[in-house]
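The values are calculated or read from the model by the stated rules, or taken from the named source; none is laboratory data. No experiment lies behind these values; they were computed from the predicted model shown. Reconstructed Cβ throughout: ideal geometry from the backbone, glycine too, with neighbour counts over all protein chains shown. To get the accessible areas, we keep the full protein, side chains included, count just its heavy atoms, and leave off ligands, DNA and RNA. Shrake-Rupley method; radii C 1.70, N 1.55, O 1.52, S 1.80 Å.
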Number of protein chains: 2
Amino acid sequence: MSTKNKIQQSHEVTMDSTKKNEAHIEGASQIGIEVRKEADFSTWYTQVLKRSEMLEYYEEVSGCYIIRPLAYNIWQEIQNFLDASIKEMGVENTYFPMFVSQRQLEREKDHVEGFAPEVAGSSEMENPIAIRPTSETVMYPYFAKWIRTHRDLPLKVNQWCNVVRWEFKKPQPFIRTREFLWQEGHTAHFTQEEADLEVRDILELYRKVYEDLLAVPVIKGVKSEKEKFAGGLYTTTIEGFIPTTGRGIQAATSHCLGQNFSKMFDILIEDPNAPAGSDGKNAKKLYVWQNSWGLTTRSIGVMVMIHGDDKGLVLPPQVAQIQVIVIPCGLTGKTPEEEKKNVEKKVNEVVEELKSAGIRAKSDLRDTHTPGYKFNHWELRGVPLRLEIGPRDLTNKQVLSSRRDTSAKEPIPLVELKTRVSAILKTIQKDMFEKAKKIYDAHRKIVLKWEDFVPSLDDKNLVLVPWCEQEKCEDAIKERSSRSNAEQEPEDDKAPSMGAKSLCIPFEQPKNPPILEGETTCIACDAYAKRYALFGRSY
Amino acid sequence: MSTKNKIQQSHEVTMDSTKKNEAHIEGASQIGIEVRKEADFSTWYTQVLKRSEMLEYYEEVSGCYIIRPLAYNIWQEIQNFLDASIKEMGVENTYFPMFVSQRQLEREKDHVEGFAPEVAGSSEMENPIAIRPTSETVMYPYFAKWIRTHRDLPLKVNQWCNVVRWEFKKPQPFIRTREFLWQEGHTAHFTQEEADLEVRDILELYRKVYEDLLAVPVIKGVKSEKEKFAGGLYTTTIEGFIPTTGRGIQAATSHCLGQNFSKMFDILIEDPNAPAGSDGKNAKKLYVWQNSWGLTTRSIGVMVMIHGDDKGLVLPPQVAQIQVIVIPCGLTGKTPEEEKKNVEKKVNEVVEELKSAGIRAKSDLRDTHTPGYKFNHWELRGVPLRLEIGPRDLTNKQVLSSRRDTSAKEPIPLVELKTRVSAILKTIQKDMFEKAKKIYDAHRKIVLKWEDFVPSLDDKNLVLVPWCEQEKCEDAIKERSSRSNAEQEPEDDKAPSMGAKSLCIPFEQPKNPPILEGETTCIACDAYAKRYALFGRSY
């Protein structure tokens, strides 16, 4: 370490990115990442989360994790955007108790079957209670109470809260945890049309969270019958992709529940178009149309998996707590005290100037650490842009900028500081998204013959296939695409041998070749194909 | 109702506040409050919360409640203020799991004794887990891991979350509930001085939440040894007062934990002033100084209890979701259609103009309800200011304003709309606080003789008494001030027969008469008094 750090105190050497990267990998054992993302993804992911101080493993209860400030801040950025957006749509925030009685939970049969294995609770009590895995059955008895006439519609509420799903699959930080944070929106509408529209509006907001904030590309579509929300009518979804493992990942879902829950919970109104007669009888009753939709802290994990690299986290500027780190450089033991003070003064001025432009900037003036150590420290934590200021920069009235995502370096004249930094941050955000999108696009392969299905998965692709949309066919595809069911642990990233699931039927269907009704056959059975479906191994 | 509403369609009549108030009480059975606050406080409180749509009782689990949008919005206003304020102090947000193992919970002996009866959990598992009643024992093992040197200090984290205290006392919405929302801040410091300062800084923020946002006056002080946080060093508190019952209420607490928890959880650093020798031995270890502090949704209940009246909620403008409701008036079946449209157009214009000035305004243009119905509707929900616009107002280029807190009415020329409304809202906020403060001040009585102690409590006062600060004396005061222990339910508001507790030793001590060391005797025993203490029956 010490040799490397001494070298990096000289400005010129830090500009040689090849050399620096090599040094970094060699000397990373103390504070950096010890494994390459491509070589051991699972260990890499854990190391990035822990060493960047995003997350800590909670030793008392397996499958639970501590979300540290660097990660929680991202969640707050997501909250700020989504909360303001749904309020504009007329959704109001609320908080329902987290305890649900067993009795209540069991009122919707399909729903409880979908969630029963994962519900955590105590059966010691007279009326056993559990902790919400989701709040349909907690909320809807009150919807029945509050909704009396069509004037009470639409009813739109949301809550930001924790939920518990006592998973017995192998947990993974952010991606599959027993307790997680989310928002859950629940709305009731007079007509199906209105419900349908809202389902799509919410899905569009979720796309924005992923694509515009987290720079993570997603595909919109509808889930198959098998994969839809238990008890609902249909589920729309945005599906992401983790290139390193070639697996799809469900990013967020927006469900139309139809009238299934309103019938179970008696959420009904008098038809305003067929009111009661003067005798008060014969009023036609209408069940309301309902939606529910949720986005979770999983989103943070997806972002880390996609953008992180061998040096650690790479954060999109939109959600980075610190967007710019400013570090004094080129100071040695021989630097006159006054020159050192001038450099530090300039560092502070630069930070203040950036802050005044709404840019989240911070200085690292610690005199206990070398510039090289600081570079590693902030790279590990994903800070999008680094500015270096040394004595020579003072003379030249400039700073040296270094992008976290590409390692690209360029000098910035101090007179253009705010505009240039602001522009670079925008470029980073855009480039990160486009790079990820290019990779995702290249890894969605149209596959027309079954022989190509598994090889394409094995090449770390998702596949778009003509599909009959039958559940038995979906089961068969999963079975036939699983490399060796018995031997391998399906949750092990190193051996993605699991069978492929249908991820969604994309709204945007491939046009070439088109699916011809009554002609194109299903990828996996003798039936005719209805639409292209996206299949893949997944989280 | 219908007669009343017809009457209220005429602008002039609504200006006669005496008449209107009478009518309201008579006709309130459908949507208003049926009991007087002074007559049956407990029923009044429940009715206000339910009928204003602030809260719903959760029938599945007793002691749990649904926080509806009107109330949750107040919580978000509190969050916005407090979150920004603590971030400025360098506190970072985090999220720890809500599950705590029994083993972990029991590590701090005094602490677990303080909380043990209230912990909810399941003992069916091998390592029994419970739900956090507070997170000291969840967090501090990780503080031990993260804090290695004095450079890791101060460590300041906070989380916004739900906690569970399985109370067996009678629950009361917001005030005492089994699950509630709060923020809990946890910090670690190098010196006691730094910890002491922060305890006071946080208490000052809590005072601002109550006094500046909720218009609720509070008294700052320190808790007695008996009433302090279990396991801590000392507890500072802000104490409120509910005039209708004459009871004190703990509003929020900021604890200095001293080194008690750091010793239990091994949170220690190497003394930077006495580092290890060259042999690596003999480094002096220092335990860190810790604080924890929390403010809960109880604050919403306190605000309702203090400001609500016989017509329902009264919300301080600072936290009101709707600050101004604009209602078209003076329109009858005979009003020409064009005139009606002009009035409604003006209503919308007024709302838009107020919004452009950052005022949260809303119109009520429902043609299914009379103005009188709408007045009641928004009064029940506590909207601070009502603006009425009728055909005559259009001619006069004015609106009629009506304050929720005082029923005071005054016309506002449209040209002065923004400035005047803004000024009135500020005045309402100020007046609500000052009115409540005057009442609180008048109900803190200095009592010097025991004979006056219970009579003063019975007159719905809190008392300031010279006190020896001994726990056995505190127990005796409680016993002696309880009117009849066996017969009455202490949680019943109608019979505040409970004994008095020490609420706090106020920072600001009465000066007249002064307490003379070794001369003034305790109010309740033969020992000398140390300071004035605030005693009272309480929630």
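List of remarks:
- Of all residues in region A:462-473, those being open to solvent by 10 Å² or more (accessible area, probe 1.4 Å) and either assigned to a strand (DSSP E or B) or touching a residue at least 60 places away in the same chain (Cβ under 8 Å) (or both) number 3.
- Region B:167-192: number of residues that are in contact (Cβ under 8 Å) with a residue 60 or more places away in the chain and in a loop (DSSP other than H, G, I, E, B): 11
- Sole residue being part of a strand (DSSP E or B), modelled with pLDDT of 95 or more and surrounded by fewer than 18 Cβ atoms within 10 Å (Cβ to Cβ), chosen from B:Asn162, B:Asn158: B:Asn162
- When residues in region B:52-93 are screened for being within 9 Å of another protein chain (Cβ to nearest Cβ), out of contact with any Leu (no Cβ under 7 Å at 6 or more places or on another chain) and free of Cβ contacts under 8 Å to residues at least 40 places away in the same chain, 6 of them pass.
- Some residue of region A:229-238 being of a type in the set (Phe, Trp, Tyr), farther than 30 Å from A:Lys426 by Cβ and free of Cβ contacts under 8 Å to residues at least 40 places away in the same chain: yes
- Single residue of A:Pro97, A:Pro133, A:Pro141 found to be within 9 Å of chain B (Cβ to nearest Cβ), of a type outside the set (A, V, I, L, M, F, W, C) and part of a loop (DSSP other than H, G, I, E, B): A:Pro97
- Hits in region A:168-183 (condition: charged (D, E, K, R) and within 14 Å of chain B (Cβ to nearest Cβ)): A:Arg178, A:Glu179
- Test: residue in region A:416-431 that is in contact with a helix residue (DSSP H, G or I) (Cβ under 7 Å, 6 or more places away or on another chain), touching a residue at least 40 places away in the same chain (Cβ under 8 Å) and more than 20 Å from A:Lys355 (Cα to Cα): no
- Of the strands (runs of 3 or more DSSP E) contained entirely in region B:392-460, those carrying at least 1 residues that are open to solvent by 60 Å² or more (accessible area, probe 1.4 Å) fall at B:409-413, B:444-446.
- Selection within region B:247-269 - part of a loop (DSSP other than H, G, I, E, B) and open to solvent by less than 10 Å² (accessible area, probe 1.4 Å): B:Phe265, B:Ile267
- Lone unmet requirement of (1) at pLDDT 80 or above; (2) out of contact with any Phe, Trp or Tyr (no Cβ under 9 Å at 6 or more places or on another chain); (3) surrounded by fewer than 18 Cβ atoms within 10 Å (Cβ to Cβ) for A:Glu12: (1)
- When residues of region A:70-101 are limited to those that are open to solvent by less than 10 Å² (accessible area, probe 1.4 Å) and aliphatic (A, V, I, L, M), the one farthest from the chain's Cα centre (by Cα): A:Val100
- Number of residues in region A:107-120 that are within 13 Å of another protein chain (Cβ to nearest Cβ) and under 26 Å from the mean Cα position of the chain (by Cα) equals 2.
- Within region B:477-487, one or more residues are open to solvent by 50 Å² or more (accessible area, probe 1.4 Å), modelled with pLDDT of 95 or more and in contact with a strand residue (DSSP E or B) (Cβ under 8 Å, 6 or more places away or on another chain).
- Inside region B:303-360, residues that are open to solvent by less than 50 Å² (accessible area, probe 1.4 Å) and of a type in the set (S, T, N, Q) make up a count of 2.
- Considering (1) facing chain A (nearest Cβ under 8 Å); (2) modelled with pLDDT of 95 or more; (3) open to solvent by 10 Å² or more (accessible area, probe 1.4 Å), the lone condition that B:Gln104 does not fulfil carries the number (2).
- Condition check for B:Thr244: among the hydroxyl-bearing types (Ser, Thr, Tyr) and surrounded by 24 or more Cβ atoms within 10 Å (Cβ to Cβ): no
- Every residue from region B:403-414 that is closer than 15 Å to B:Val326 by Cα and in contact (Cβ under 8 Å) with a residue 60 or more places away in the chain: B:Arg404, B:Lys409, B:Leu414
- Residues in region B:500-539 that are of a type in the set (Lys, Arg) and more than 21 Å from the chain's Cα centre (by Cα) were compared, and the one that is nearest to B:Lys220 (Cα to Cα) is B:Arg531.
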